[in-house]
1. Answer yes or no as to whether V28 is modelled with pLDDT under 85, under 21 Å from L78 (Cα atoms) and surrounded by 12 or more Cβ atoms within 10 Å (Cβ to Cβ).
2. With respect to I55, determine if the residue is within 30 Å of L96 (Cβ to Cβ), among the hydrophobic types (A, V, I, L, M, F, W, C) and either touching a residue at least 40 places away in the same chain (Cβ under 8 Å) or not in a helix (DSSP H, G or I) (or both).
3. Contact list please: Cβ distance under 8 Å, first residue in the range 70-99 and within 21 Å of L23 (Cα to Cα) and touching a residue at least 12 places away in the same chain (Cβ under 8 Å), second residue surrounded by 10 or more Cβ atoms within 10 Å (Cβ to Cβ) and among the charged types (D, E, K, R), pairs at least six apart or on different chains.
4. Name the single residue, out of those in the range 75-100 being of a type in the set (K, R) and in a helix (DSSP H, G or I), that is nearest to the chain's Cα centre (by Cα).
5. It is to be established whether one or more residues within the range 3-21 are over 17 Å from the mean Cα position of the chain (by Cα), in a helix (DSSP H, G or I) and exposed (fewer than 11 other Cβ atoms within 10 Å of the Cβ).
6. Considering only residues that are of a type in the set (G, A, S) and either more than 30 Å from V47 (Cβ to Cβ) or under 13 Å from the mean Cα position of the chain (by Cα) (or both), which ones fall in the range 61-74?
7. So which of A72, A41 is part of a helix (DSSP H, G or I) and in contact with a Leu (Cβ under 7 Å, 6 or more places away or on another chain)?
8. Can you name every residue in the range 59-100 that is small (G, A, S) and either over 16 Å from G34 (Cα atoms) or surrounded by fewer than 13 Cβ atoms within 10 Å (Cβ to Cβ) (or both)?
Amino acid sequence: MGDWSNVLLIGMMLFSIGCVLVLTRRNVIMALMGIELMLNAANLNFVAFSKFDPIDLDGQMATLFVMVLAAAEVAVALAIILLVYKKYLSIRLDKLNELP
């Protein structure tokens, strides 16, 4: 196994940890952290796969796009979390079973 296969293995492990966080945690903040871990794992894989074509910068451009998307997602998600907490006084996912 070469160096880049180790990077892909780390990306796979990060994505798996993020997926477990999203599926098992009842706290909204922890689920959001799991989503961010999965996005970072995808970024790592984009950069690792772009190594195979050093002239084409598609992997780096996709990573930049995902980073901008993640920043916007965090801003919107935290605003929604604050509004939900103000209404229900809880951010536990199992207690939020109806829309306002």
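1. yes
2. no
3. A70/E36; V74/E36; R92/R26; L93/R25; L93/R26; D94/R26
4. K95
5. Taking every residue of the range 3-21 in turn, at least one turns out to be over 17 Å from the mean Cα position of the chain (by Cα), in a helix (DSSP H, G or I) and exposed (fewer than 11 other Cβ atoms within 10 Å of the Cβ).
6. Residues satisfying the conditions are A70, A71, A72.
7. A41
8. Selection gives G59, A62, A71, A72, A75, A79, S90.
The values are calculated or read from the model by the stated rules, or taken from the named source; none is laboratory data. Keep in mind that what you see is a predicted model, and the values were worked out from it rather than measured. In this analysis, Cβ positions are derived from the backbone assuming ideal geometry, glycine residues included, and neighbour counts consider all displayed protein chains.
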